[in-house]
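Everything below concerns the one structure shown next.
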Amino acid sequence: MAIGLIFLLGVEDQCRLIQRFAELLVPGGRLLFTATAKPTVGNDAMTGLESVSLGAEPYRKLLGAAGLSVAEEYEDVGENHYFDAFKGRSG
């Protein structure tokens, strides 16, 4: 699953969405999303909507609490920070 606009949701909705993704993923399934590595609150340049990024460490903790492991984090040339996580394999 991939989501590019998680930061347009409120904090509680982001937490619930990550948990829900974890519930839906099969073992070995992956989640890819973007959010700034630093905590940020402002208006999204493309939509004008409020944008809330929790920051890399809180996202790592949320993912871990939901049973997801971060495989990799990286930034593209546009300075978009990516979290690439997976659900552990059973057995």
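Filtering the range 32-57 to residues that are among the aliphatic types (A, V, I, L, M) and farther than 16 Å from Glu75 by Cα leaves Val41, Ala45, Met46, Leu49, Val52, Leu54.
Out of the range 19-39, which residues are of a type outside the set (Lys, Arg) and either touching a residue at least 60 places away in the same chain (Cβ under 8 Å) or in contact with a Phe, Trp or Tyr (Cβ under 8 Å, 6 or more places away or on another chain) (or both)?
Ala22, Leu25, Val26, Pro27, Gly28, Gly29, Leu31, Leu32, Phe33, Thr34, Ala35, Thr36
Would you confirm, using the coordinates I've provided, whether Val11 is touching a residue at least 60 places away in the same chain (Cβ under 8 Å) and open to solvent by 40 Å² or more (accessible area, probe 1.4 Å)? So Val11 does not fit the description; no.
For the range 52-91, how many residues meet the condition of being surrounded by 14 or more Cβ atoms within 10 Å (Cβ to Cβ), of a type in the set (Phe, Trp, Tyr) and over 17 Å from Gly29 (Cα atoms)?
Initial filter on the range 52-91 (surrounded by 14 or more Cβ atoms within 10 Å (Cβ to Cβ)): 52-56, 58-60, 62-63, 66-68, 70, 73, 81-87.
The next check asks that each one be of a type in the set (Phe, Trp, Tyr); those that pass are 59, 82-83, 86.
In the following step, the residues that additionally are over 17 Å from Gly29 (Cα atoms) were identified as 59.
Number of matching residues: 1.
The values are calculated or read from the model by the stated rules, or taken from the named source; none is laboratory data. Computed from a predicted structure; not experimentally measured. We place every Cβ from the backbone using ideal geometry, glycine too, and count neighbours over all the protein chains shown. Side chains are part of the model used for accessible areas, which takes the heavy atoms of the whole protein and leaves out ligands, DNA and RNA. Shrake-Rupley method; radii C 1.70, N 1.55, O 1.52, S 1.80 Å.
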